[in-house]
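For reference, the structure discussed in these notes is given below.
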Amino acid sequence: MSFTLIEPATPRLHRSELAVPGTRTELFDKAAASAADIVFLDLEDAVAPDDKPQARRNVVQALNELDWGSKTTMVRINGLDTPYMYRDVIDVVEACPRLDMLLIPKVGTAADVYAVDMLVTQIEQAHGRAKRLGFEVLIETALGMAHVEAIAQASRRLEAMSFGVADYAASTRARTTVIGGVHPDSVVLSDPDAQGRRERFWTDPWHAAQTRMLVACRAYGLRPVDGPFGDFSDPEGFLAAARRAAVLGYEGKWAIHPSQVAMANEVFTPSEAEVTKARRIVEAMARAAREGRGAVSLDGRLIDIASIRMAEALLAKADAIARG
Ligand code: COA
Ligand code: MG
């Protein structure tokens, strides 16, 4: 281990993050009663410019009046380049003691996070706010990705980052108009076989970007979260995308429709089989340690001391989920 130790952010369940437009008040009750670990009420891109003031009022009322149970509540404010952001922060943070987190979109530099931190810190002090607000940032521009490591260290309030695939695609001029998922042009062809046949393999156009953000998050103790999958009538596509993210080390995924919540919770909860296997690894390694060995075989495969770390990370996650 390095001599530099990084403290992990405030732990929370973050398997599913349900997006709810701040104007669609009829959805608020359903979101509060849903199985989503985190609900974010949106003031940004799901709200038209003329509706921003009304959306703020709706969000304040919902946070103060609905029963959110043990859910993490979050509000997505507008970007720092808009005329809405300061009032989003002031109106919502001043009026909502129940609020847990702010989601800051299109963060481009560490200073963007610093600026919001400054504003929030003043409001907390002025109002004697009991609950310290956490931040999640959206990495969804080329500038944000270019600065992702500096952004990850920008504030003690930072807990998580989401990969915002749609704006990221727009910002990098990716040749697509779908939100998340794969693309028929993102393929590799095998060399022709003896009969001239070629196999066509789809590749994930977002893999490299997701990995870059994941490393910045895990290096600095933050939770990496995968963003939206827009085609909510394609559960198989959602599951595949969520599983690809989970295998990389992502903590959870957005749900832009309630049907995606249960799928995200399932994918980002270690299965019974994974937990059993992890326990067997820990036990086998404990036996190995008693026998003075650092590497042994389990079911015909090598396990060593790194296997304990992987197994323990998985068991810690399963425990956190069981505790709720
Ligand atoms: N949160 C809670 N409940 C929701 C919901 C949400 N985000 N979206 C839909 N529902 C409810 C509907 O009210 C409906 O409930 P009912 O069965 O009691 O009538 C049920 O889920 C099925 O909804 P459906 O009719 O399939 O969806 P819709 O056509 O009303 O809305 C969307 C589809 C995509 C527009 C809507 O889900 C939505 O606004 N999602 C969030 C989008 C967003 O915030 N984007 C910004 C981040 S990318
Ligand atoms: Mg966006």
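Observations on the structure shown:
- Pairs with Cβ under 9 Å, 6+ apart, first in segment 102-114 and within 16 Å of ligand 1 (Cβ to nearest atom), second open to solvent by 10 Å² or more (accessible area, probe 1.4 Å) and of a type in the set (Lys, Arg): 102/76; 103/76; 104/76; 105/76
- Test: residue in segment 40-49 that is within 25 Å of residue 269 (Cα to Cα) and either away from ligand 2 (no atom under 16 Å from the Cβ) or open to solvent by less than 60 Å² (accessible area, probe 1.4 Å) (or both): yes
- Which numbered condition residue 110 fails, given (1) open to solvent by 10 Å² or more (accessible area, probe 1.4 Å); (2) away from ligand 2 (no atom under 16 Å from the Cβ); (3) of a type in the set (A, V, I, L, M, F, W, C); (4) out of contact with any His (no Cβ under 8 Å at 6 or more places or on another chain): (4)
- Some residue of segment 49-60 being touching a residue at least 60 places away in the same chain (Cβ under 8 Å) and hydrophobic (A, V, I, L, M, F, W, C): no
This table checks each residue for (1) farther than 20 Å from residue 144 by Cα; (2) in contact with a strand residue (DSSP E or B) (Cβ under 9 Å, 6 or more places away or on another chain); (3) surrounded by fewer than 21 Cβ atoms within 10 Å (Cβ to Cβ).
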{"site": "214", "(1), (2), (3)": "no, yes, no"}
{"site": "217", "(1), (2), (3)": "no, yes, no"}
{"site": "226", "(1), (2), (3)": "no, yes, no"}
{"site": "231", "(1), (2), (3)": "yes, no, yes"}
{"site": "250", "(1), (2), (3)": "no, yes, no"}
{"site": "253", "(1), (2), (3)": "no, yes, no"}
{"site": "258", "(1), (2), (3)": "yes, yes, yes"}
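- Close pairs (9 angstrom Cβ cut-off, 6 or more residues apart or separate chains): within 20 Å of residue 39 (Cα to Cα) and more than 10 Å from ligand 2 (Cβ to nearest atom) in segment 159-174, at pLDDT 95 or above and of a type in the set (Asp, Glu) anywhere: 159/136; 160/17; 160/136; 160/251; 161/136; 163/140; 163/226
- For segment 149-161, the candidate set comprises residues that are in a helix (DSSP H, G or I) and open to solvent by less than 10 Å² (accessible area, probe 1.4 Å); within that set, the residue that is farthest from ligand 1 (Cβ to nearest atom) is 152.
- Meets criteria (buried (at least 16 other Cβ atoms within 10 Å of the Cβ) and among the small types (Gly, Ala, Ser)) for residue 164: yes
The values are calculated or read from the model by the stated rules, or taken from the named source; none is laboratory data. Everything numeric here is computed off the predicted structure, so don't read it as measured data. FYI the Cβ positions are ideal-geometry reconstructions off the backbone, even for glycines, and counts take in every protein chain you see. Just the protein is used for accessible areas: all its heavy atoms, side chains included, with ligands, DNA and RNA removed. Shrake-Rupley method; radii C 1.70, N 1.55, O 1.52, S 1.80 Å.
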